[in-house]
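Scroll down for the structure; my scribbles are underneath it.
The values are calculated or read from the model by the stated rules, or taken from the named source; none is laboratory data. Given the structure is predicted, the values throughout are model-derived calculations rather than measurements. Reconstructed Cβ throughout: ideal geometry from the backbone, glycine too, with neighbour counts over all protein chains shown.
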Amino acid sequence: MLKTKLIMLLNSFSKTEIRKFRLFIISIYGTDSGKVILLLEEIMKYYPRFENENFTKKHLYSKLYPKKRYNDATLRKLISYLTNLGEEFLIQQNLKKDKFAGSLFLLKELSSRNLVTVFEQQANLVKKKMSKYHRNTDYYYYNFRFLNIINSFYAIRKRKTAVDNYENEAESFFHYFFVEALSIYMYLINEKKISNRDFKLPLFNEVLNHLKMNNYTSITSIPIYYNCLMLMITNEISYFYSLREISKSLENEIHREELKVIYIVLHNFCVAQVKKGLMKFKFEQFGLQKESISRRLHLSDGRIHIFAFLNFVYEAVSVGETGWAERFIKENRKLIEPQYEPDVVNLSYAWCEFSKGGYEKALNLLGKINMEYSHFKLSVKTLMLMIYYELNLYDTAISLLDSYRHFIARDKMLPEVDKENRLNFAKYYKEILNLKNGMSNEINLVKSNVQSTNNLVEKEWLLKKIDEIKRDGKV
């Protein structure tokens, strides 16, 4: 079985891309493409898994040269050709997706060939394209590159035209720099929170001080990223509402990707506030989710990521919007990748049933899930523990709790923050079981500890169970 760079490339191609790749090869090699095309066709017989005992270099060679003895050097040469062509094809595909990169490459080539009239015609076309593009990071980057090519072209032909444009070129560069710098700072600060690593932030204070002292409101991306960054580092609610206002008042001017960033930052802020016990932000959180769906920001290439889907359902259920959650599942389930749809839908409906008190139904739905992914396993096991508690199946719960802890400890891929969240749940779940069964009477201490613990999944449910025990006079 072959495991080469070529196979990895071809494995990433869709069937449509495979057809386009074949035509790409023919367009380059023409009538001399015979062996290369034949090699591609033989390899693609094993697509997409590329797993078969006959999938060997010797077998491929026998198909290409049926009457010749195996020659490894010849086959390696053909594989190398095909790999290089695959990489060139991917470059071409990327250029087609990029609105400006190809146009700018063409401008540079026209300039080097001194095709003045054609250059100016192409420059006008690019300028028209640029005028219709959202003013996001890409725009400022490409506008800077465009003006740089224009000014380089005119510097030796029409110097006055170039000099008049130098200031625009410099402005465009710094607009791009500030937007990109803010974006990078946001990424590193977020990563610092997740991985607990410290990162250098070059020119951080200088950039923030400059932006505080200068008005860039006409450059939409700058106030967006500035407010996002300030919300992340200060947690001041004024920045939360500034971002809310920007997302509403400038909706038609903001690029889709930047709107996504706004909603992610706002959502994360709400999550942090809920962890602190400010439950009104739970409803803000759900409101943000509904807005992002209405703006179709939840879609990527027409699909919904499995964990985004689960998050929408979970957050709806957690604020009592079970009906909304069930409608969402029904209307959007076909937007999940087909191989994940059954598991995601079963887990989603299980949450809904649990919220309505349908514990047996929820347990039945969980039993249908193929728990391949650790996140699925943890979500399923956490919900199972809650169901067992509600059904008074304490012995079963204790058995599952033990495997739950071991699974978390063994999972090397699970982020530390997730481990802490789940292990804290396991700890307090056990303490509540002890309270329920009369094995402990420290209910006030347990409640205080749960309330003061930030990294804790199902915190609200745990507190509710403690209050029920207290109300029933168990302790």
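Look at (1) surrounded by 14 or more Cβ atoms within 10 Å (Cβ to Cβ); (2) over 18 Å from the mean Cα position of the chain (by Cα); (3) of a type outside the set (D, E, K, R) and you find that H305 fails only one, number (2). Within the range 312-334, the set of residues being among the polar types (S, T, N, Q) and either in a loop (DSSP other than H, G, I, E, B) or modelled with pLDDT under 95 (or both) comprises just one member, S318. Only residues that are over 18 Å from Y340 (Cβ atoms) and free of Cβ contacts under 8 Å to residues at least 24 places away in the same chain: list them for the range 364-386, please. Listed by number, the residues that qualify are N364, M384.
Matching residues to (1) more than 30 Å from N136 (Cβ to Cβ); (2) buried (at least 16 other Cβ atoms within 10 Å of the Cβ); (3) touching a Pro at 6+ places or on another chain (Cβ under 8 Å):
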residue: K3; (1), (2), (3): yes, no, no
residue: F13; (1), (2), (3): no, yes, no
residue: F21; (1), (2), (3): yes, yes, no
residue: K45; (1), (2), (3): yes, no, no
residue: R49; (1), (2), (3): yes, no, no
residue: Y61; (1), (2), (3): yes, yes, no
residue: L75; (1), (2), (3): yes, yes, no
residue: N94; (1), (2), (3): no, no, no
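Please enumerate the residues belonging to the range 191-221 that are small (G, A, S) and either more than 15 Å from F173 (Cα to Cα) or modelled with pLDDT of 90 or more (or both). Even if it seems obvious, please write down each step before you answer.
First, pick out the residues of the range 191-221 that are small (G, A, S): 195, 218, 221.
Hits for the range 191-221 are S195, S218.
Wholly within the range 217-295, which helices (runs of 4 or more DSSP H) include no fewer than the required count, namely at least 1 residues that are among the basic types (K, R)? Because the criterion is at least 1 residues that are among the basic types (K, R), the helices (runs of 4 or more DSSP H) in the range 217-295 that meet it are 237-249, 256-275, 280-294. Across the range 268-318, which residue is nearest to S379 (Cα to Cα) among those that are of a type in the set (S, T, N, Q) and touching a helix residue (DSSP H, G or I) at 6+ places or on another chain (Cβ under 9 Å)? If we take residues in the range 268-318 being of a type in the set (S, T, N, Q) and touching a helix residue (DSSP H, G or I) at 6+ places or on another chain (Cβ under 9 Å), then N311 is nearest to S379 (Cα to Cα). Figure legend. Inter-residue proximity from the range 206-219: first residues touching a residue at least 24 places away in the same chain (Cβ under 8 Å), second residues not aliphatic (A, V, I, L, M), beta-carbon distance below 6 Å, spacing 6+ or different chains. Indicated pairs: L211/Y226; I219/H175.
Inside the range 21-123, counting only helices (runs of 4 or more DSSP H) that do not spill past its ends, which hold 2 or more residues that are over 30 Å from F144 (Cβ atoms) and at pLDDT 90 or above? Steps first, answer last, please.
Working: elements: 34-43, 57-64, 72-97, 101-112.
Ranges flagged: 34-43, 57-64, 72-97.
Residue under question is I149, and the condition is that it be farther than 30 Å from I7 by Cα and in contact (Cβ under 8 Å) with a residue 40 or more places away in the chain; does it hold? Outline the logic, then answer.
Numbers: farther than 30 Å from I7 by Cα: yes; in contact (Cβ under 8 Å) with a residue 40 or more places away in the chain: yes.
Answer is yes for this residue.
Residues in the range 71-102 that are within 20 Å of T56 (Cα to Cα) and either touching a Ser or Thr at 6+ places or on another chain (Cβ under 8 Å) or acidic (D, E) (or both): D72, I79, T83. Within the option set E468, E390, E458, E372, being charged (D, E, K, R) and modelled with pLDDT of 95 or more holds for one residue only, E390.
Specify the residue that is nearest to the chain's Cα centre (by Cα); the eligible residues are those in the range 133-171 that are within 30 Å of I262 (Cα to Cα) and assigned to a loop (DSSP other than H, G, I, E, B). Result: N136.
Right, S379: more than 28 Å from M279 (Cα to Cα) and either assigned to a helix (DSSP H, G or I) or not assigned by TED's automatic domain parsing to the domain that holds D418 (or both) or not? It would help to see each step written out before you state the result.
Working: more than 28 Å from M279 (Cα to Cα): no; either assigned to a helix (DSSP H, G or I) or not assigned by TED's automatic domain parsing to the domain that holds D418 (or both): yes.
For S379, the condition - more than 28 Å from M279 (Cα to Cα) and either assigned to a helix (DSSP H, G or I) or not assigned by TED's automatic domain parsing to the domain that holds D418 (or both) - is not met.
For the range 159-171, indicate whether the set of residues that are modelled with pLDDT of 90 or more, assigned by TED's automatic domain parsing to the domain that holds T217, more than 30 Å from P415 (Cα to Cα) and hydrophobic (A, V, I, L, M, F, W, C) is non-empty. Yes, the range 159-171 contains a residue that is modelled with pLDDT of 90 or more, assigned by TED's automatic domain parsing to the domain that holds T217, more than 30 Å from P415 (Cα to Cα) and hydrophobic (A, V, I, L, M, F, W, C).
Against the numbered list (1) assigned to a helix (DSSP H, G or I); (2) surrounded by fewer than 18 Cβ atoms within 10 Å (Cβ to Cβ); (3) touching a Lys or Arg at 6+ places or on another chain (Cβ under 8 Å), E337 comes up short only at (1).
Could you tell me whether the range 176-185 includes any residue that is among the hydroxyl-bearing types (S, T, Y), over 28 Å from M232 (Cα atoms) and at pLDDT 90 or above?
Step one: filter the range 176-185 for residues among the hydroxyl-bearing types (S, T, Y), giving 176, 183, 185.
Remaining after also requiring over 28 Å from M232 (Cα atoms): none.
No, that holds for no residue.
Apart from one condition, F425 fits all of (1) at pLDDT 95 or above; (2) within 19 Å of A325 (Cβ to Cβ); the exception is (2). Residues that are of a type outside the set (D, E, K, R), under 30 Å from D301 (Cα atoms) and part of a helix (DSSP H, G or I) within the range 340-363 comprise P342, V344, V345, N346, L347, S348, Y349, A350, W351, C352, listed in sequence order.
If you check Y389, Y359, Y349, which single one turns out to be in contact (Cβ under 8 Å) with a residue 40 or more places away in the chain and buried (at least 17 other Cβ atoms within 10 Å of the Cβ)? One residue alone meets the criteria, Y389.
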